[in-house]
1. Within the group B:Ala95, B:Ala118, B:Ala112, B:Ala147, which residue is buried (at least 16 other Cβ atoms within 10 Å of the Cβ), away from chain A (no Cβ under 13 Å) and hydrophobic (A, V, I, L, M, F, W, C)?
2. On the given criteria, is A:Ser89 touching a residue at least 40 places away in the same chain (Cβ under 8 Å), out of contact with any Leu (no Cβ under 6 Å at 6 or more places or on another chain) and not basic (Lys, Arg)?
3. Of the residues in the range B:167-213, how many are of a type in the set (Gly, Ala, Ser), assigned to a strand (DSSP E or B) and more than 19 Å from B:Ser155 (Cα to Cα)?
4. What number of residues within the range A:112-147 are more than 14 Å from chain B (Cβ to nearest Cβ) and surrounded by 16 or more Cβ atoms within 10 Å (Cβ to Cβ)?
5. Tell me yes or no: at least one residue of the range A:44-63 is polar (S, T, N, Q), within 19 Å of the chain's Cα centre (by Cα), closer than 30 Å to A:Cys123 by Cα and open to solvent by 60 Å² or more (accessible area, probe 1.4 Å).
6. Against the definition (assigned to a strand (DSSP E or B), open to solvent by less than 60 Å² (accessible area, probe 1.4 Å), among the acidic types (Asp, Glu) and more than 14 Å from chain B (Cβ to nearest Cβ)), how does A:Asp109 come out, yes or no?
7. Filter the range B:215-255 down to the residues that are charged (D, E, K, R) and modelled with pLDDT of 90 or more, then identify the one that is surrounded by the fewest Cβ atoms within 10 Å (Cβ to Cβ).
8. Among the residues of the range A:77-86, is there at least one that is in a strand (DSSP E or B) and within 30 Å of B:Leu109 (Cα to Cα)?
Amino acid sequence: MTKVLPFCTLLLGIICMGLFACTEARLPCDTPKIASLNILTVHYPTDTATTVVDTALPAAVFSSVTDHGVVQILFPQQANFTISLSPLSDTCRYYFTTDSAHQRVDTLDFYYQRSLDFISNACGFTYFYSLDSVHTSHLNIDTVRILNSSVTNNANITQLQIYIHTFY
Amino acid sequence: MPTLRSFKYIFILFISMLLTGPFTSMAQEQADSVATDTTLSRHDSVAVIKRDSTKHQLTIGVDIFHPIMNAFTADRSGYELCADYYMRHDVYFKAEAGWGASNVNYSDLKYATTNSFARIGLDRAIVPRENLKDWDMMFIGIRLAFAPIHRSPASFTVLDSVWGNSTGSLSGKDFLGYWFELVGGMRVEIAHGLFAGWAIRGKFLLDGADFRQLAPLYVAGYGSGDKNVVFDFNFYFSYAIRWKPRHYPIIPKPK
């Protein structure tokens with residue numbers, strides 16, 4: 001080979017060295033680190049209806065009962081809610097009301113199995129869950145249905161459907 | 001992200017390119033031999049079949065890119081050596097090896113890894129040599145690689161602002177990583193027997209099962225264990241040892 005071309009490509013390689021040399025100490029975590037339990041609230045529009053419609057609750061409150069007290073999450077008017085399960089045990093409890101102004105508070109008890117999951121070196125470890133059952137009182141809630149028992153960091157899967165009484 | 005099927009097709013494409021090159025050269029050589037034979041027989045002379053008068057060349061090199069990178073990164077290190085032997089028809093047998101380590105000391109994740117690695121494969125020059133003294137080359141190649149990896153016990157914390165943080169640990173582990181590589185690059189003889197050159201590599205993890213529990217931050221020879229496809233770069237200085245060409249006996253043509 002004539003020497004001009006090789007030396008030009010050699011130079012190109014030295015330039016490439018600079019490009020490949022760009023590394024960061026720890027990459028930012030670009031995936032959710034907490035597994036999300038996604039809930040859709042629905043109701044039957046009439047007593048005789050056979051299909052449900054989404055229920056946009058006016059000011060729903062989910063309150064997690066933790067070891068260090070009750071942590072309230074207040075949601076604006078909506079029908080889709082995201083909460084998290086406790087990574088510290090295989091069961092956890094939430095208090096739930098459809099409107100922060102109401103006194104009717106339901107209890108939601110979640111029973112599940114935890115599995116440790118490595119996301120990446122940027123994000124570290126998290127817990128995913130497999131829902132076994134959900135027990136509830138029935139002040140606002142008619143019934144609860146598990147649509148998908150797998151609780152991961154995929155925010156697009158709805159795991160739980162809560163049927164609300166029509167008089168909520 | 002490329003699928004396994006696309007990897008397969010890329011692999012087949014490279015294998016085809018590597019294999020068809022030598023056969024094309026052999027076919028050309030056979031054609032030349034026939035032409036020579038015809039000429040000689042016309043003059044009823046002694047035929048000499050000179051198959052490959054290229055010198056033997058063994059090249060041993062060291063990568064300087066990763067040691068330079070080591071100076072700028074506190075959490076990982078890697079060193080690479082390479083050797084190649086000129087076979088025939090612009091094809092080189094290549095062997096590479098190295099070692100390295102990584103140390104993860106984040107607030108929520110702590111562990112360390114060490115590993116060595118070996119790669120073997122073929123390079124094929126894609127620009128024909130001008131003469132028998134021309135050893136500069138632009139090349140493409142493939143490699144198969146494996147790395148025995150040791151991971152120390154790991155400790156981690158799962159951060160949760162609602163329920164509270166939880167901590168845990170994993171025991172240490174020894175496992176193997178496998179991958180294949182597509183390589184392209186060049187090298188030029190800057191002084192007698194002394195080469196400088198670079199290579200860009202696309203690396204494709206073949207079996208990531210052991211990486212799922214806790215992917216090593218860095219595997220020397222491969223790169224980030226978090227990824228199934230990695231691109232890497234090497235800059236080599238290497239020295240060539242050459243010795244006499246093969247001698248084939250002069251074969252008298254039967255009368």
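The values are calculated or read from the model by the stated rules, or taken from the named source; none is laboratory data. Note that this is a predicted model, so its numbers are computed, not measured. Here the Cβ is made from the backbone with ideal geometry for all residues, glycine too, and neighbour counts use every protein chain on show. Note: accessible area is taken over every heavy atom of the protein model, side chains too, but ligands, DNA and RNA are not part of it. Shrake-Rupley method; radii C 1.70, N 1.55, O 1.52, S 1.80 Å.
1. Sole residue among the options that is buried (at least 16 other Cβ atoms within 10 Å of the Cβ), away from chain A (no Cβ under 13 Å) and hydrophobic (A, V, I, L, M, F, W, C): B:Ala147.
2. Values: touching a residue at least 40 places away in the same chain (Cβ under 8 Å): no; out of contact with any Leu (no Cβ under 6 Å at 6 or more places or on another chain): yes; not basic (Lys, Arg): yes.
The answer is no for A:Ser89.
3. Selection size over the range B:167-213: 8.
4. 7
5. There is no residue in the range A:44-63 that is polar (S, T, N, Q), within 19 Å of the chain's Cα centre (by Cα), closer than 30 Å to A:Cys123 by Cα and open to solvent by 60 Å² or more (accessible area, probe 1.4 Å).
6. On the way: assigned to a strand (DSSP E or B): yes; open to solvent by less than 60 Å² (accessible area, probe 1.4 Å): yes; among the acidic types (Asp, Glu): yes; more than 14 Å from chain B (Cβ to nearest Cβ): yes.
Yes; evaluated as a whole, the condition is true for this residue.
7. B:Lys227
8. yes
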